[in-house]
Amino acid sequence: MATDTTSLKLEKIFTDAEDFLPLNGTDHVELFVGNAKQAAHFYKTAFGFQGVAYAGLETGMKDRTSYVLQQGKIRLVLTSPMSADGPINEHINKHGDGVKNVALWVDDAVKSFETTTGRGAEVAFEPKTIEDENGKVVISGIKTYGETVHVFVDRSEYDGPFMPGYRAWDSHYKPEDTGLKYIDHMVGNVGWGEMNKWVEFYAKVMGFAQLISFDDKDISTEYTALMSKVMTNGNGRIKFPINEPAEGKKKSQIEEYIDFYNGAGVQHIAVATDDIIKTVSAMKDRGVEFLYVPDNYYEDLLERVGDIDEDIAILREHGILVDRDEEGYLLQLFTKPVADRPTLFFEIIQRKGAQSFGKGNFKALFEAIEREQDNRGTL
């Protein structure tokens, strides 16, 4: 299930982005996990991903095992170490299951590397070409916040299932998808006072523009607060909100994340659907747990957001939130953390014109997160 590798000339919709680094979209997201085989079963069963490719001892990979799963344009790579030491084990010991590589689909991985490192990015790994009977892939990498790496991937001359070193994985077990289409955005949590540093990184090093800024007046509850700025490339296919803690009476979700992740990292992956009710319903039936939203959120919903197509009773049943901006409205809901540490989670989002990030829902969402923190004794 190879990506369409046609070189794209994508419309620039955010004119403030310098866009000297052409990006076609997200190629894949690689998570380092304690047990890739079991994690793959979870994402297939609960989220509706399908098996695409595999690398391990049988393919000549000695230090790790990786499973590649896909749904729509979303591709996850789940990787576990095969030895008691080494960098993958060190990452898991320190952070738990989490995102290591955010891979970006480019037309030229060498030029992308030279452009970004020439503008101050720290090298993760030099450009390299990997080949097999299906062609070649060129990859390179730069370091970002925490131990997260952006990998540039040029697969224009490759026609295999994923990358050289992987073989097709066509398992007997193929659960139906849940309607997930693509990655809408990915959120990074950074430490106190670090948000602007990384905002500047994405602007200077990668040519992104600042789309939206939220301060502690926008994102606060009675107990906690945080600040956030959303960075986007020109075509809008890559959006990276960056969060940092803000002063509050109690420990914010960002502080909790950094405590348990032991540093900065990817907080959540927002995945888009064309029918959030169908998607959330299917995922709940398969065991995915979502944040609880109190019934009183829906009492004045239409007064706050205006007319919507969906039945409010069904939205209430599933705890789906709604927000409107000048371009339309969106529907969204967060899962609970997908591993035992209260770190990585997913957002399910359906956009009906809106380009924003649910500012009107922040209070309800973060109060829901605080209830979970209180249950964990970490608020």
- May I ask you to list the residues in the range 271-300 that are at pLDDT below 95 and crowded, with 17+ Cβ neighbours inside 10 Å? LEU291, VAL293, TYR297, TYR298
- Query: Is there a residue in the range 340-352 that is more than 25 Å from GLY265 (Cα to Cα), surrounded by fewer than 20 Cβ atoms within 10 Å (Cβ to Cβ), in the same structural domain as GLY263 (by TED's automatic domain parsing) and out of contact with any Phe, Trp or Tyr (no Cβ under 6 Å at 6 or more places or on another chain)?
  - Reply: yes
- Message: Given the options ASN196, ASN189, ASN243, ASN233, name the one that is without any contact (Cβ under 8 Å) to a residue 60 or more places away in the chain and either assigned by TED's automatic domain parsing to the domain that holds GLU30 or buried (at least 23 other Cβ atoms within 10 Å of the Cβ) (or both).
- Response: ASN243
- Note on the structure: If you go through VAL137, VAL106, VAL153, VAL110, the only one that is surrounded by fewer than 22 Cβ atoms within 10 Å (Cβ to Cβ), within 28 Å of PRO22 (Cα to Cα), touching a residue at least 12 places away in the same chain (Cβ under 8 Å) and hydrophobic (A, V, I, L, M, F, W, C) is VAL110
- Task: Please determine, by comparing only the residues of the range 161-181 that are among the basic types (Lys, Arg) and farther than 15 Å from THR59 by Cβ, which one is surrounded by the fewest Cβ atoms within 10 Å (Cβ to Cβ).
- Result: LYS174
- Task: Could you tell me which of the residues THR45, THR26, THR15 is polar (S, T, N, Q), modelled with pLDDT under 95 and either surrounded by fewer than 21 Cβ atoms within 10 Å (Cβ to Cβ) or over 17 Å from ASN89 (Cα atoms) (or both)?
- Result: THR15
- Message: Restricting to the range 336-362, name every residue that is closer than 17 Å to ILE258 by Cβ and within 14 Å of the chain's Cα centre (by Cα).
- Response: PRO337, THR343, LEU344, PHE345
- Members of the range 115-132 that are touching a residue at least 12 places away in the same chain (Cβ under 8 Å) and not β-branched (Val, Ile, Thr): ARG119, GLY120, ALA121, GLU122, ALA124, PHE125, GLU126, PRO127, LYS128, GLU131, ASP132
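The values are calculated or read from the model by the stated rules, or taken from the named source; none is laboratory data. Given the structure is predicted, the values throughout are model-derived calculations rather than measurements. Cβ sites come from the backbone with ideal geometry, for glycine too, and all protein chains shown count toward neighbours.
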